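The values are calculated or read from the model by the stated rules, or taken from the named source; none is laboratory data. Being a predicted model, the structure only gives us computed values, none of them experimental. With ideal geometry, Cβ positions are generated from the backbone for all residues, glycine too; neighbour counts draw on all protein chains shown. When the accessible area is computed, the model is the full protein with side chains, heavy atoms only, and any ligands, DNA or RNA have been set aside. Shrake-Rupley method; radii C 1.70, N 1.55, O 1.52, S 1.80 Å.
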Amino acid sequence: MTHILIAEDEPRISAFVSRGLESAGYTTTIVENGDSALEFALGGDADLVLLDVGLPGMDGFEVLRHLRGQGAKVPVVLLTARSSTRDTVQGLDAGANDYVAKPFKFDELLARVRSRLRENVNTDAIGVAHGDISLDPLTRRARVGGREFDLSAREFALAEQFLRHPGQVLSREQLLSRVWGLDFDPGSNVVDVYVRYLRSKFGPEHIVTVRGVGYRWE
């Protein structure tokens, strides 16, 4: 499951953001100072960092400079009450992927998070494999044993989610968010349709339906 680090020293804001992200299918960790933010982000467990500029100890800009200086590529979205062009440029120059000014609407923040996560997958993809199945993001081809075939963009993105989380139950809400960038629509069956496409190509035994929850890659 995608893990988001929230580095924010205002408990009201961090709790609000954490609840919203977890409702959207992400897991979160909250830290309240720059030193803890840097340590956790460098540990490699975060898929994205929401980084408040005004943290105690090291501020957000300093945390970001240390992260990029040590080669960390984790996407970082800065959160700040500072809205001047100078501060925006400073944050982006330090290596931020995005910048959200406070106060913000959660829907906007969630859209930024989804966009940055998609960019990171597309930029850093180096292929993924599980068992005798592998995916090549450069050619968007799949290999099953000695057989190769093409996948559509959505088929590839969905297959990649399964292969990156083998054995983990992925809900329809999570898959809609990660693959299509959509909020959950209880009337939509797009995930089920694309699961059928993948089953026809990879074999039905690989994707197990977990009734009432979602799907799991075996």
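All conditions but one from (1) in contact with a strand residue (DSSP E or B) (Cβ under 9 Å, 6 or more places away or on another chain); (2) surrounded by fewer than 13 Cβ atoms within 10 Å (Cβ to Cβ); (3) modelled with pLDDT of 85 or more; (4) more than 27 Å from VAL113 (Cα to Cα) apply to PRO204; the one that does not is (1). Every listed requirement among (1) at pLDDT below 90; (2) within 22 Å of ARG12 (Cβ to Cβ); (3) in a loop (DSSP other than H, G, I, E, B); (4) in contact with a helix residue (DSSP H, G or I) (Cβ under 6 Å, 6 or more places away or on another chain) is met by TYR99 save one, (3). Scanning the range 139-146 finds no residues that are polar (S, T, N, Q), part of a strand (DSSP E or B) and farther than 21 Å from THR2 by Cβ.
The set of residues from the range 128-158 being among the hydrophobic types (A, V, I, L, M, F, W, C) and either in contact with a strand residue (DSSP E or B) (Cβ under 6 Å, 6 or more places away or on another chain) or exposed (fewer than 14 other Cβ atoms within 10 Å of the Cβ) (or both) comprises VAL128, ALA129, ILE133, LEU135, LEU138, ALA142, VAL144, PHE149, LEU151, ALA153.
Residue selection: PHE61 satisfies the criterion of being in contact with a helix residue (DSSP H, G or I) (Cβ under 8 Å, 6 or more places away or on another chain), open to solvent by less than 10 Å² (accessible area, probe 1.4 Å), closer than 21 Å to ALA101 by Cα and among the aromatic types (Phe, Trp, Tyr). With respect to the conditions (1) touching a Pro at 6+ places or on another chain (Cβ under 8 Å); (2) open to solvent by 20 Å² or more (accessible area, probe 1.4 Å), LEU48 falls short on a single one, namely (2).
I'd like the full set of residues that are at pLDDT 75 or above and either open to solvent by 50 Å² or more (accessible area, probe 1.4 Å) or part of a helix (DSSP H, G or I) (or both), limited to the range 77-91. Answer for the range 77-91, where residues must be at pLDDT 75 or above and either open to solvent by 50 Å² or more (accessible area, probe 1.4 Å) or part of a helix (DSSP H, G or I) (or both): just ALA81.
Checked against (1) crowded, with 21+ Cβ neighbours inside 10 Å; (2) of a type outside the set (S, T, N, Q); (3) at pLDDT 90 or above, ARG19 meets all criteria but (1). Taking residues in the range 59-73 that are more than 17 Å from GLY44 (Cβ to Cβ) and in contact (Cβ under 8 Å) with a residue 40 or more places away in the chain, and partners anywhere that are polar (S, T, N, Q) and surrounded by 15 or more Cβ atoms within 10 Å (Cβ to Cβ), the pairs with Cβ atoms closer than 9 Å and at least 6 places apart or on different chains are GLY60/THR80. Reported count of residues in the range 42-77, each being of a type in the set (Lys, Arg) and closer than 20 Å to LEU21 by Cβ, is 0.
Set side by side, the residues ARG178, ARG172, ARG143, ARG164 differ, and just one is of a type in the set (Lys, Arg), touching a Ser or Thr at 6+ places or on another chain (Cβ under 9 Å) and closer than 18 Å to GLU119 by Cβ, which is ARG178.
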